Amino acid sequence: MDGIMSMLHEFLLEALTLLAIVLELMGVFIIFRAALAAFRRYLSSHNEGIGLSLASGLALGLTFFLGAEILLTATARTIQELAMICGVFLLRAVMSVLIHWETGHQAEGSRAH
């Protein structure tokens, strides 16, 4: 019975790590796509709302990164690993809050004009 539980535990750790990697790749794709779209709009001289759309893409991508970090907290084996994951999570959460704040600020500015 102990061997089965150990195998199941290792399987879950591997599955969570794989899911975290997939979420991070999704976040990278979203940020890359938002950056390309913003750059394309910049080149075509349609500069209205570029910052807002890019910030929205960054915020969405960071949300996927935060989801990956949450999954990784379940795989931490030592307190040092947990502290590192929590530190990265906090940094990404702060960046996400700042981007959301900036997005809201830009949206209010564009509505005023």
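Numbers for the structure displayed
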| item | result |
| --- | --- |
| Count of region 20-67 residues which are more than 15 Å from the chain's Cα centre (by Cα), of a type in the set (A, V, I, L, M) and surrounded by fewer than 17 Cβ atoms within 10 Å (Cβ to Cβ) | 4 |
| Pairs with Cβ under 6 Å, 6+ apart, first in region 63-84 and under 24 Å from V97 (Cβ atoms), second outside any helix (DSSP H, G or I) | L82/A76 |
| Test for T75: is it surrounded by 14 or more Cβ atoms within 10 Å (Cβ to Cβ), over 14 Å from the mean Cα position of the chain (by Cα) and either among the acidic types (D, E) or at pLDDT 90 or above (or both) | no |
| Those residues of region 51-96 which are in contact with a Gly (Cβ under 8 Å, 6 or more places away or on another chain) and either among the aromatic types (F, W, Y) or not in a helix (DSSP H, G or I) (or both), in sequence order | F64, F65 |
| Given (1) at positive phi; (2) at pLDDT 90 or above, index of the condition S45 fails | (2) |
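The values are calculated or read from the model by the stated rules, or taken from the named source; none is laboratory data. Remember, it's a predicted structure, so these values are computed and weren't measured experimentally. Methodologically, a virtual Cβ is constructed for each residue, glycine included, from the backbone with ideal geometry; neighbour enumeration extends over all protein chains shown.
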